[in-house]
Amino acid sequence: MNFVDIHTHVLPGVDDGAASIDETVAMLRMAYDGGTRKIVSTPHMFFDLFKNNDFVEIRDRFDQLTSDLNSYQDQFPFLKAIEIYPGAENYASPEFLEALGQGCVLTLNGSRYLLVEFSPMLPFTQIENIIQRVFPAGYTPVIAHPERYAAIQEDPMRMVRFWEMGCVTQVNADSLLGGWGSRATKCAKALLEEGLVDVIASDGHRVRWRPPVLEGVFRKLESEYAGEDVAAWMVENPQGILANESLEVSYPAKDPTK
Ligand SMILES: [Fe+2]
């Protein structure tokens, strides 16, 4: 299966992801070896810590990365077999809302789909208020790792509200493997069981810390869920996002006894 990973921090030197182009190449190698063939660069934007509030600068840095990677292709031929796409992980902050209103945001591969993350302790009503502002701006929110938010851990069925609104839900691979503690794992599994997950992505950051690899979670999921569901989460839905297509939503989950 050729995975499509829509959430990674492979753009070097802009956030807590890859520190250098060499680390980017090493991360892409890990992704490729783990079966990923398309990968989206989603650096943190509008997040206080990293001061990435200018979408033109991030877009230019991405263009520079692709040209640098092209010049590495002779040295690392595998780079010809993995495609990299532009994007951003937008932190729901006042700066984000201001940029949203001006259309100064980076969507996933220029599609309608906008990856948005929230502060882990943000109350549900505030998450809802921000999401309600994304649609009129012309974008479809892709909610990054809801299983890490206290409001969703308290009641995973709150995601039904976002499903009704037309949001896309992206769960992290490492949450399903226990990397974010038992509450996040339990929440991620509950979302999968209810059909409230559209995409599983790595949220890969570094070579030695949260690497951008999907193979491990694939092995686990293929033994527990229907193959067509796993393919939807890891190949078809993320591919549909890159192509700006409407997604086939999975909620409510099919009853396996029928
Ligand atoms: Fe991320």
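Miscellaneous remarks
- Residues of the range 173-213 with an amide N closer than 20 Å to a point placed 7 Å from the Cα of ALA150 along the Cα-to-Cβ direction: 180-188.
- Inter-part distance where the range 7-26 and the range 27-49 are each reduced to a Cα centre, Å: 8
- Tally of Lys pairs whose C-alpha atoms are under 29 Å apart, taken over the chain, 8 or more apart or cross-chain: 15
- Hz values of 3J(HN,Hα) by residue in the range 210-217 - Karplus curve (6.51, -1.76, 1.60), Gly and Pro given as x: 6, x, x, 10, 10, 4, x, 5
- Distance between the 7 Å Cα→Cβ label points at GLU193 and GLU228: 2.3 nm.
- The Cα-based radius of gyration and maximum Cα-Cα distance (Dmax) for the chain are 17.2, 53 Å.
- Derived scalar couplings between HN and Hα for the range 174-191 equal 6, 5, 6, 9, x, x, 10, x, 5, 5, 5, 5, 4, 5, 4, 5, 4, 5 Hz in order, rounded to whole Hz, by the Karplus curve 6.51 cos²θ - 1.76 cosθ + 1.60 (θ = phi - 60°), x for Gly and Pro.
- Element breakdown for the range 61-116 at a 1.4 angstrom probe: carbon and sulfur atoms account for 45% of the accessible area.
- Extreme residue, positive dipole direction of the range 3-242, given options PRO156, PRO77, GLN132 (C-beta unit charges): PRO156
- The chain - charge dipole about Cα centre, Lys and Arg +1 at Cβ, Asp and Glu -1, debye rounded to 20: 280
- Carbon plus sulfur fraction of accessible area for the range 143-258, probe 1.4 Å, in percent: 49
- Euclidean distance of C-alpha centroids, the range 215-241 and the range 62-76, integer Å: 29
- Residues GLU83 and GLN126, FRET efficiency given R0 of 30 Å [Cβ-Cβ distance, rounded to 0.05]: 0.25
- Less than 5 angstrom separates the built amide H of TYR113 from those of LEU108, THR140, all sequence-distant by 5 or more or on a different chain.
- Rotationally averaged projected area of the range 11-108 (alpha carbon convex hull; nm²): 6.0
- Added length on full extension, which subtracts the Cα-Cα distance from 0.36 nm per residue, ARG112 to SER20: 30.2 nm
- Gain on full extension, evaluated as 0.36 nm per residue between SER119 and TYR251 minus their Cα-Cα distance, stands at 45.0 nm.
- Mean accessible surface per residue for the chain, computed with a 1.4 Å probe while every protein chain stays in place, in Å²: 44
- Label-to-label distance for ASP48 and ASP68 is 2.9 nm, based on points extended 7 Å past Cα in the beta-carbon direction.
- Packing-based order for 134-144, 222-232, 173-183, using average beta carbon neighbours within 10 Å, highest first: 134-144, 173-183, 222-232
The values are calculated or read from the model by the stated rules, or taken from the named source; none is laboratory data. No experiment lies behind these values; they were computed from the predicted model shown. Counting neighbours? That spans all protein chains shown, and the Cβs are built from the backbone with ideal geometry, glycine included. Note: areas computed on protein heavy atoms with side chains; ligands, DNA, RNA excluded. Shrake-Rupley method; radii C 1.70, N 1.55, O 1.52, S 1.80 Å.
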